Structures are given as structure tokens and as C-alpha cells.
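Please treat every number below as a calculation from the coordinates, not as lab data. Keep in mind that this is a model prediction, so the values were computed, not measured. FYI the Cβ positions are ideal-geometry reconstructions off the backbone, even for glycines, and counts take in every protein chain you see.
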Amino acid sequence: MTGARLWAAIKSPLIEQAMTDYWEPYEHFIPAKNHVQSKAETFTVEGYNSLFRHFLARFRRKTKCYSKSERMLRYSVRLLMAKWNGELEYILN
């Protein structure tokens, strides 16, 4: 199961809570003591996911654009966030 592998890879004593929506499979691999299910806790990250998919083709589903390099993916996200936060002029000068 992909979710269980992901949880095992990021598992850390520093993670006190994991916020998810109400998708039932999360309950199978995130321990109940760490798991909070709430739309109120996930809407911000969903908004950023939508922003990335809108402006960066490499994050859209069913596209021919994809990242061949993790480095270039990181640069793309950093540039988008700098532009979005009005910091791009500062970075370029």
C-alpha cells in the first residue's frame, strides 16, 4: 500500500498530528493518536495544490509536461511561490 510506505518513510517522533480529510484509507495506516480528520485543517493545502496545478503544467493530471529533474521541480515551485508572494523582483535584483 502506497500510503503505508509513505507513512513509514516520514514517521518521526516529531510528528504529533497528521491532518487529513475523511478519505477512509487514511485510517488504515495513520495511527489514531496522531490522526485528525477535518476539512477545516486541509483546505489551505488543497488551495496550494490547486495553485500549483493551475500555473505549473508538470503538476496537472494527464499532461505531457513532467519533471525529469527533482532540482528543476524545486526551482519551479520556488519561482512560483516567489512570484505569488511578490518577492520575485527582490530575488532577481
Check your understanding: If you take the Cα atoms of the chain, find Rg, then find the Kirkwood Rh from the mean of 1/r over all pairs, what is Rg/Rh?
Key -> 1.04
Practice item. Eight or more residues apart or on different chains, and alpha-carbon atoms under 30 Å: count the Lys pairs in the chain matching that. Key: 8
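Which of HIS35, HIS54 comes first, and how do the rest follow, when ranked by fewest Cβ neighbours within 10 Å? Intermediate values should be presented prior to the final figure.
On the way: HIS35 14, HIS54 11.
Least crowded to most crowded, the residues run HIS54, HIS35.
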Revision key, fill the gap. Semi-axes (Å, rounded, descending) of the ellipsoid equivalent to the range 2-41 per its C-alpha gyration tensor are 16, 13, 8
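Using Cβ contacts closer than 10 Å as the measure, can you line up VAL45, VAL77 from fewest to most? Don't skip to the answer; put the middle values down first.
Working: VAL45 10, VAL77 16.
By the 10 Å Cβ count, ascending: VAL45, VAL77.
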Point to revise | Estimated inter-spin distance, ALA18 and MET72, nm [label 7 Å along Cα→Cβ] | key: 3.2 nm
Check your understanding: Taking neighbour counts of Cβ atoms within 10 Å as a proxy for exposure, in what order, fewest first, do LEU80, LEU88 appear?
Key -> LEU88, LEU80
